Structures are given as C-alpha cells and as structure tokens.
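Each reported figure results from applying straightforward, stated rules to the coordinates on display, with no laboratory input. Every value quoted in this text rests on a predicted model; they were computed, and no experiment measured them. Backbone-built Cβ (ideal geometry, glycine too); neighbour counts: all protein chains shown.
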C-alpha cells in the first residue's frame, strides 16, 4: 500500500469521474463504493439498474454516491450513436451497426470518456481484453506525436530495494505483440511519462533484451538499441526528464552488484524502475511471474498513448486491485490534461484503424 496510498492521497486533491462498463460485477461494485468513500471522485456504473442494485444488496454495499447508468435508457444514446457512426463510417460501419455497438457498455463507456462525460474508464474484470481495447481504439485518439498505444503494469514489490522503493513499471504487457523500434521508443517514453507523474522523480528506463550493451547483430538486439536512441531523442524533444539505457539484461537492470560488472557506466543499470520489454510475450510473462510468484500488488493494464485515461484490468483482479487501477487512471487523466490540453477536444482525425 505504500505506492497506491500515495496515489490515493494525490487524487483526493483533484477527484475524477471514472466509468465502469461492467456495472453488475461484484468486484467492480465494491471498488466503486471504495472509490467514492475515499473521496476520489464520482464512480459511474454502466448496466441494468436492477441487476446492479440486486448485486449490491447481496454484497451489503450501499450505492449512495455511485451513479448507475443504463446505456439503453440514456438521453445521450442517439448522440453517441451518431458520433460513433461519423467516426467509423469511412471504415465501413453502417448506422445500424453503430446503433447496436453503442449499446455495448464498453463502447458506451469509451464514448463517455471521449466526449468528456467521464475522466477515465476501467474495464476487463469479466470480459475478454479485446472488448474494451477495440472500443477505445475505435473512438479515442492518440495523444499528439505518439505513434502507438501501449499498456503498462505497475508492480509494488515486498522487497523495497528493487525499482523505486519497490515500485516497478513494466511495458508493454498487453497491447502490441511485436513492436517496431519506433513503437518501442514511444512505449518507453509513454511509460516514463506515467512513472514521472506518479513517482514525482526522474524515471530510470531499462530497454531489456537477452544481452547487455553487446555487439550482437541479432535483429532483436539491434531493434532495442535503435529504440533506446530514439527514446532518448524523443524525450529530449519533449523536455521529459528521464534516463534511458539499453540493451540491458534484467539482472543488469535491477541488481546493483551485477550492473557494476556488466554496465558500470550506465545511468540506469542496477537501479531501473521502468522496464521496457522487446515484445508482448516477454512483457506479459514477466509481469505475471512477478505478480504471482513474487506476491506483488499489481495495477494494470494502464493504457498509454491515448488522449483519454483508461485501464483494462485482469479478470483475476480483486476489488482492491481495481480500486488502485481506478486511482491511477484518475492521476493519468490529470497528466493528460496538463501535458496535452488539446486532448480535451473530441476529434475524429488520426483515429486508430483497428
């Protein structure tokens, strides 16, 4: 709770509205109530009112302070349908398809975020990951100058000697299967932005691979090396205070004694708090290993690179995990407002094609 406690304290100063498309899911109801009780903002549950209230009653969870909204009864359903159709008609979507899709809580919630009727969206507890991601990528823009969306897991370890007082940011663990060097650089910068916002100090970003500062001609190593340089250049252009180094093996990145041998002059080795993986396989596997074998608190997937704050949680998440993720997305919303004020304007240009 060291890390998430600080996140909660920060969000209490600037409360945010979070929408939960899976309104009748017990863990979501519990997290929404906690969100309100902790004065983090206004939680919005989407779904059938009767089903949500019945579930809350069974759980003995009061719903005062929690807004319940059934998409099919919303006054904004026709507006959202039109906006979705206007956005996707060039991709072949018909008005009838738009009318059907917008009744899906994931699409309705994504549209609430896109039109500033909610500050962030959290889903995934009872649905396949693709459900929310597809909706988000169809209606929400990338932030300016970002080449890709990605995702980040935040792990809070029992051993505080790793990362930043036990906190590690890992990416990409849920979106891009095999990123290019350019995508990998943007993943690194997006994650560093989040780490800086949440930790309040310069992130140390390790671009991971199977060797450390080698002369290998392996395509993977060359990709990571090029991505490292591109990330440095992009961060410099943005004025982002962060250190990037790679390629680094995991032990070189987080174990000081090994870093002294393998990369003694690196500004990152041995003290990395942001770990960027070369592909989705390694990132997803590593984050789950740390979470379950290391018995760490895990908060994610936090979706990065979009101009709206969002998270796609694991189906195995507890209500505490979901609360933590919702709090993180609230702070991410504040970050987006500060760094990209134009993100407050709904735009139908430069949308993801997926």
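Given in Å, the Rg to one decimal and the Dmax to the nearest whole number for the Cα atoms of segment 44-89 are 14.3, 45. On the principal axes of its alpha carbon atoms, the chain extends 63, 46, 31 Å, with the longest extent given first. The protection proxy used here, the mean number of other Cβ atoms lying within 10 Å of each residue, ranks peptides 266-272, 212-218, 332-338, 304-310 as follows, highest first: 304-310, 266-272, 332-338, 212-218. Taking the longest Cα principal axis of the chain as reference, the axis of helix 219-238 is set at about 70 degrees.
The angle between the Cα long axis of helix 2-13 and the longest principal axis of the Cα atoms of the chain comes to about 50 degrees, rounded to the nearest 10.
Spatially, segment 103-155 and segment 194-251 are offset by 26 Å when compared through their Cα centroids.
Distance from the Cα centre of segment 262-291 to that of segment 20-50, in angstrom? Distance between centres, Cα-based: 34 Å. Between residue 161 and residue 58, the distance separating the two model label sites (each 7 Å from Cα on the Cα→Cβ line) works out to 4.7 nm.
Estimated purely from DSSP H runs of n ≥ 4, each contributing -39500 (n - 2.57), the mean residue ellipticity at 222 nm for the chain is -14000 deg cm²/dmol once divided by its residues.
Computed packing ranks the peptides 177-189, 66-78 as 177-189, 66-78, most packed first, by mean other Cβ atoms within 10 Å.
Helix 181-199 and the longest principal axis of the C-alpha atoms of the chain enclose an angle of approximately 80°. Projected over all directions and averaged, the alpha-carbon convex hull of segment 51-157 occupies 9.8 nm².
Divide the volume of the convex hull around the Cα atoms of segment 144-305 by the residue count and you get 98 Å³ per residue. Gain on full extension, evaluated as 0.36 nm per residue between residue 91 and residue 49 minus their Cα-Cα distance, stands at 11.8 nm. A simple packing score, the average count of other Cβ atoms within 10 Å per residue, orders the peptides 105-112, 197-204, 52-59 as 105-112, 197-204, 52-59, with the highest score first. Taking label points 7 Å from Cα along the Cα-to-Cβ direction, residue 214 and residue 202 give a separation of 2.9 nm.
Its relative contact order, with pairs defined as Cα atoms under 8 Å and 6+ residues apart, puts the chain at 22 percent.
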